[in-house]
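The values are calculated or read from the model by the stated rules, or taken from the named source; none is laboratory data. Just so it is clear, the model here is predicted, and its values are computed rather than measured. Note that each Cβ is placed from the backbone with ideal geometry, even for glycine, and that neighbours are counted across all protein chains shown.
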Amino acid sequence: MLGKSLAVVALAASVGAISISPSLAGSKGAVGTPGWNDTNANAAGSRANLAEKVLTPVAVKNVKYLRSIASPMIPANAPCPLPITAPLLTGGYLYAITNGYLSKYDPATGKLIWRVKPFPGFRSDYQTLSYSGNLIVVGEAGCQSASAPGGITVALNAATGARVWIGGDGAAVVVGTSYVVTENTDAAGYDLSVLKLQDGTRVWSMSSCLPSGSPIPVVVGLTVMVYGCDSQSRGVLQGRSLATGAVRWTRFGFGIQSGDLAGPAGKNFYATGPSRTVEDLNPMTGQKKYVLSGAAKVLAVDASRVYASCAGRKVCAYDISTGVLDWTYTPLINRVTMAAEAGGVLYLNDGIALNAATGHGIKKIWESITYASPTTVHVGLPSGPITVGDGRLAVVTDPRVLDLFGLPGY
């Protein structure tokens with residue numbers, strides 16, 4: 001199935017005071033700080049929470065399992081029974097898509113605050129979730145057609161769950177308090193639209209031939225990385241102005257990976273080059289800055305380093321300014337497929353927490369899991385997202401169960 005993706009970034013101008021209910025005001029970690037505001041942390045896909053202050057390398061040694069939150073039941077004949085999607089820990093709350101419902105929880109207790117269905121029935125595939133400007137933005141793709149899934153974007157009031165607007169073409173990337181970037185990829189091609197966050201009004205849009213790589217839009221340095229077409233109908237990577245859609249640069253044979261920051265401070269955009277190397281491109285010009293030697297997939301990007309899978313199953317950390325290798329880590333058994341960085345700690349999907357500055361192991365937080373699907377039994381690592389915010393980690397270790405980890409008392 002060709003799906004969609006959504007991400008969020010809270011720019012400096014958009015992360016003012018966030019109201020917290022009286023029940024949360026006294027709970028540890030519920031401080032209303034900017035957290036993990038979209039599926040991949042921000043619209044650049046950095047998978048790094050630069051605002052986390054509680055879970056430092058020293059504090060992580062005391063992290064333990066806190067509680068679990070299970071998905072609600074859905075009708076047995078629902079065409080889209082889905083795993084938990086894109087949990088967000090932000091502003092002292094936990095948001096998650098669970099089996100077609102959007103739910104808001106108190107992460108300190110696991111108590112449900114509200115639950116809504118973004119769309120009637122269970123005929124939508126929700127893969128991504130974003131928060132910005134007191135709106136929760138959900139990207140939806142139809143689950144009953146693999147070649148033409150269709151899609152739409154919904155914005156809901158974060159305080160009440162009430163629907164605010166519907167628009168766009170599919171999954172979305174929310175940027176600060178101004179824009180939502182939506183994309184739709186199917187057998188007919190690739191469409192991208194930029195909407196106003198406030199009301200969903202379309203600002204600009206484009207269509208393209210089928211992309212040569214991932215359809216996920218990435219925003220770095222107020223530049224949208226998209227797939228266009230050259231004169232021979234070949235897919236090319238383009239950097240377009242977020243505000244106007246004007247083409248800033250074009251590169252042939254490159255595939256989108258991720259970047260550091262969506263706002264004007266963003267300086268590093270990582271793409272797969274024609275020779276399968278991972279290159280750091282200037283988001284404003286598309287010019288190459290350096291190559292991440294041996295890297296295959298970027299896992300996370302923080303203010304100091306970019307972390308990537310490399311040399312088979314290793315994890316490599318590179319200096320973000322120069323691309324020079326800082327350290328490598330070799331998992332004992334499993335290949336690392338996902339990571340998250342926050343507070344100077346790099347969390348790997350095998351449950352190991354590393355000191356992000358040195359690569360030294362700090363603690364194993366969770367273990368491999370065993371769960372049953374309707375057709376088979378799976379044994380392995382969590383395949384769902386890792387989210388870090390407000391002193392807690394949210395990990396989908398079972399497709400139907402979200403586990404929370406943190407310091408005692410959180």
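A search for C-beta distances below 7 Å between a residue of the stretch 345-366 that is more than 17 Å from G389 (Cα to Cα) and of a type in the set (V, I, T) and any residue that is in a loop (DSSP other than H, G, I, E, B) and modelled with pLDDT of 95 or more, counting only pairs 6+ apart in sequence or on different chains, returns I362/P57. Pairs are defined by a Cβ separation below 9 Å, a sequence spacing of at least 6 or placement on different chains, a first member in the stretch 97-118 that is over 16 Å from D38 (Cα atoms) and of a type outside the set (K, R), and a second member that is in a strand (DSSP E or B) and at pLDDT below 85; the pairs so defined are G100/S124; G100/Y126; P118/S124; P118/Y126; P118/E140. When the stretch 395-408 is filtered for residues that are closer than 15 Å to V60 by Cβ and in contact with a Gly (Cβ under 9 Å, 6 or more places away or on another chain), the ones remaining, listed by number, are V395, L404, G406, L407. State yes or no: is Y227 in a strand (DSSP E or B), buried (at least 24 other Cβ atoms within 10 Å of the Cβ) and touching a Pro at 6+ places or on another chain (Cβ under 9 Å)? Yes: the conditions hold for Y227. Counting only residues that are hydroxyl-bearing (S, T, Y) and assigned to a strand (DSSP E or B), which one in the stretch 230-280 is surrounded by the most Cβ atoms within 10 Å (Cβ to Cβ)? The selected residue is S258.
Using the structure shown, decide if A308 is farther than 18 Å from F405 by Cα and out of contact with any Asp or Glu (no Cβ under 6 Å at 6 or more places or on another chain).
Values: farther than 18 Å from F405 by Cα: yes; out of contact with any Asp or Glu (no Cβ under 6 Å at 6 or more places or on another chain): yes.
Against the criterion (farther than 18 Å from F405 by Cα and out of contact with any Asp or Glu (no Cβ under 6 Å at 6 or more places or on another chain)), A308 qualifies.
Here the stretch 171-200 is the region considered, the condition is being of a type in the set (S, T, N, Q) and closer than 15 Å to I152 by Cβ, and the residue that is modelled with the lowest pLDDT is T185.
Give A51, A96 a once-over and let me know the one that is within 15 Å of the chain's Cα centre (by Cα), modelled with pLDDT of 80 or more and not polar (S, T, N, Q).
Only one candidate qualifies: A96.
Could you look through the stretch 54-76, keep only residues that are assigned to a loop (DSSP other than H, G, I, E, B) and at pLDDT 90 or above, and pick out the one that is farthest from N99 (Cα to Cα)? Even if it seems obvious, please write down each step before you answer.
Narrowing the stretch 54-76 to residues assigned to a loop (DSSP other than H, G, I, E, B): 54-58, 63, 71-76.
Next, only the ones that are at pLDDT 90 or above stay: 54-58, 63.
Working: V54: 31, L55: 30, T56: 33, P57: 34, V58: 36, V63: 28 Å.
It comes out as V58.
Against the conditions (1) modelled with pLDDT of 95 or more; (2) in contact with a Gly (Cβ under 7 Å, 6 or more places away or on another chain), A311 satisfies every one except (1).
Filter the stretch 43-100 down to the residues that are among the hydroxyl-bearing types (S, T, Y), within 25 Å of I113 (Cα to Cα) and surrounded by 21 or more Cβ atoms within 10 Å (Cβ to Cβ) and list them by number.
Narrowing the stretch 43-100 to residues among the hydroxyl-bearing types (S, T, Y): 46, 56, 65, 68, 71, 85, 90, 93, 95, 98.
Checking which are within 25 Å of I113 (Cα to Cα) leaves us with 65, 68, 71, 85, 90, 93, 95, 98.
Passing the criteria: S71, T85, T90, Y93, Y95, T98.
Report yes if some residue within the stretch 319-334 is assigned to a loop (DSSP other than H, G, I, E, B), touching a residue at least 24 places away in the same chain (Cβ under 8 Å), touching a Ser or Thr at 6+ places or on another chain (Cβ under 8 Å) and within 21 Å of D260 (Cβ to Cβ); otherwise report no. Yes: one or more hits.
Scanning the stretch 41-56 for residues that are of a type in the set (S, T, N, Q) and farther than 14 Å from A394 by Cβ returns N42, S46, T56.
Please indicate, with yes or no, whether at least one residue in the stretch 227-243 is within 28 Å of T177 (Cβ to Cβ) and of a type in the set (D, E).
Of all residues in the stretch 227-243, those within 28 Å of T177 (Cβ to Cβ) come to 227-228, 237-243.
Pick out the ones that are also of a type in the set (D, E) and you get none.
So far as the stretch 227-243 goes, no, none of its residues is within 28 Å of T177 (Cβ to Cβ) and of a type in the set (D, E).
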